[in-house]
Each structure stands twice: as structure tokens, then as C-alpha cells.
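Since the structure comes first, as C-alpha cells, the remarks are kept for the end.
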Amino acid sequence: MSLPSPDVAFDAYPEGMAAQPLGALGQTARVLHDTGGAVLPELTWTTVLTAWTFAWLPALAIGAAAVAYLWGVHRLSARGDRWSPWRTLAFVGGGLGTVLIATQSVLATYDTTLLWIHMIQHMLLAMVAPVFLALGAPITLALRTLPGRPRRGLLAVIHSWPAKVLTFPVVVGVLFVANPFVLYFTPWYEATLRNPWLHEFNHMHFLVLGCLWFWPLLGLDPMPNRLSYGFRMLAAFLVLPFHAWLGVSIMSASTVIAEDWYFGLARPWGPTPLEDQEIAGGLLWASGDLVALLVIIIFVQWMQDSEREARREDRRLDALDAAALREARQLAEPGL
């Protein structure tokens, strides 16, 4: 099959559906997904750049989060308080930008056609976006800008027992590790391919679970469970082999995940479903490097915090020395 021209995609669409311009591939993908229709055109560099979709629910959530965060930064600036522009860039550009790419770009257009595309989307939502969102410290920003009653409500949520349970390292660590095993080795994954609402829920739960796992480890925002740096590094190390194990399990599997769906597409281009699965498993196995990067971030935070603590201790000792010196001079003055 020849490559598509820049203007017209393949005519591999359900009967009665005309060939679509590449700019309309996103909407076409949504129609095909919702109806279980024919396979999309071959993935090329042209489609990578032009085959964007529009999913209104995540787009609305991304826009609302960006507006709320920037409003908080504006309120701080208006009253003369400083907020790091790096935090704003991390949250809006890094975190929300990553979610936007995962849910609106070619990744979203082809996420039900190629498993390896879905796996990149999975890693962006569960392992990349949460780190950038955490670096933006949105809870800290909210606590500094919200008026009294909403602020008290947020504090009540932070200190509630559900929040304590869901951010407890053992609980969220088990959920974070077990979640992909349950997803890919049960009928649940194929159900998300066939049902658009489950499909969107799958994206959301990747992001939420990632935030529950990474935010307490990075420790920039107030959390119900404040973890020591040593424990954070240990927790990050413990999940590292599980992702590698899952990746290897997917790569070495002799049966295709969601095989009824992928074989039913009868895709005439690209890797076979089993080869596609091997690529996806390899990407997941390589994602262990992202967890290793998290360990480095925690270690750097630990060193910086130790340096700040050392400077505070030095200032405290200097103050004690100065007070002792003043007292000694007063005692040495005649007439005392």
C-alpha cells in the first residue's frame, strides 16, 4: 500500500464514508472508534503532525485547570507575593501540556489502533504528567490564594482519612503496580477499546493514580502522609522492577492482548498485532528509566534540603555564640 498524499488519507473507511482530509482524521478516528469501524490510514510523519483529534471532556478539564492555576498566580502577583515561574511552566507547560498531547494528538487518534501508541499515551499520563504537575505545587498555590471557607475545605480534604489511605505509600504503591497488570491481562483493556466512556475513564485513572503515587514522593505540596527522603527513595526503587517485569511479560506473551479487537481491525499496514505488542512491552520495560529519574530528583531534593537545614543550624549557632559573647562582655564590665 502506498503512502498517503498530504491532502487525502486512505479510503479504508466504512462503506459510505468518503476519504477524509488528514486534518479531519481525529474526528474520523472518533467515529471509527465509537462504531468499531475500519482501520485508520497508515501512520506516517504526515499523519503524526496532522492527525489530531478533539476529545471535549479532557480538553475542558485541561482548560479549567490552566485557568484556575494562572488565576492563582495572578492573585499572588497582584498582592506582591512571588511565585516561581518555573513552577508555572512545570504545571501548565509540562503537566497540562503532556496531558494535552496524550489526549488530543496523534496518540489519541491511533491509541485504539496500535498498542505501542497506547503504551506511550499510558506512560505520559501515568508517569510523566504527574511529575510535572507535582513540580508545579498546585495545592500550595491553592492554599495561598483561596479565601477562608474554600481553603478550610481543601485542608479538610487533605487531612481526611480517605486522603490518608490513598496517599499511604503501601496502599498507593500496590495500586500503582497492580493496576497495569489487571488492565492488560484481563478483559478490562478490550472493554476500554470498545466503549468510549470507559476509554476516557481509562485515561483519567492513569493520571489520577500517577498523581497519587508521585506527589507524596516529590513532597512539594502538603500531604496527609509526610515521608522521609530515605523512604521516598526506597519506595521508588521498589516499583522499578515491577514495570520491567510487566514490560517483559507483555513482550514475551504468545497471545495478543485484546486479540478480538486488534485482529478484527484487519490492519493492512504496520507491524502485526503480536509485533505491535512486543514493541509496546519494550516501551513499558524502558519506562523504568523514568522511575530512575524520579530517584535522582528525590536525591537532589534531599541534598538541597540538607543544605538548607545546615544553613539554618549555622545561623542558630551563630546567634547563640553572639548572645553568649554579649553576655560575657556584660559580665566583664566593671561594676557588675
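The values are calculated or read from the model by the stated rules, or taken from the named source; none is laboratory data. As the structure is a prediction and not an experimental result, all values here were calculated from the model. Note that each Cβ is placed from the backbone with ideal geometry, even for glycine, and that neighbours are counted across all protein chains shown. Accessible surface is based on the protein model in full, side chains and every heavy atom, while ligands, DNA and RNA are left aside. Shrake-Rupley method; radii C 1.70, N 1.55, O 1.52, S 1.80 Å.
For the reader, a short list of remarks on this structure follows.
- Matching residues, region 210-224, being among the small types (Gly, Ala, Ser) and in a helix (DSSP H, G or I): 210
- Candidates 207, 227: the one that is open to solvent by less than 60 Å² (accessible area, probe 1.4 Å) and part of a helix (DSSP H, G or I) is 207.
- When we screen 50, 103, 46, 113 for residues that are more than 20 Å from the chain's Cα centre (by Cα) and crowded, with 21+ Cβ neighbours inside 10 Å, the only hit is 113.
- Residue that is nearest to residue 82 (Cα to Cα) [pool: residues in region 145-156 that are assigned to a helix (DSSP H, G or I) and over 24 Å from the mean Cα position of the chain (by Cα)]: 145
- Filter pass, residue 193 being buried (at least 18 other Cβ atoms within 10 Å of the Cβ), farther than 18 Å from residue 99 by Cβ, in contact with a His (Cβ under 9 Å, 6 or more places away or on another chain) and touching a residue at least 24 places away in the same chain (Cβ under 8 Å): yes
- Within region 186-218, the set of residues being over 15 Å from residue 118 (Cα atoms), under 19 Å from the mean Cα position of the chain (by Cα) and of a type in the set (A, V, I, L, M, F, W, C) comprises 208, 209, 211, 212, 213, 214, 215, 217, 218.
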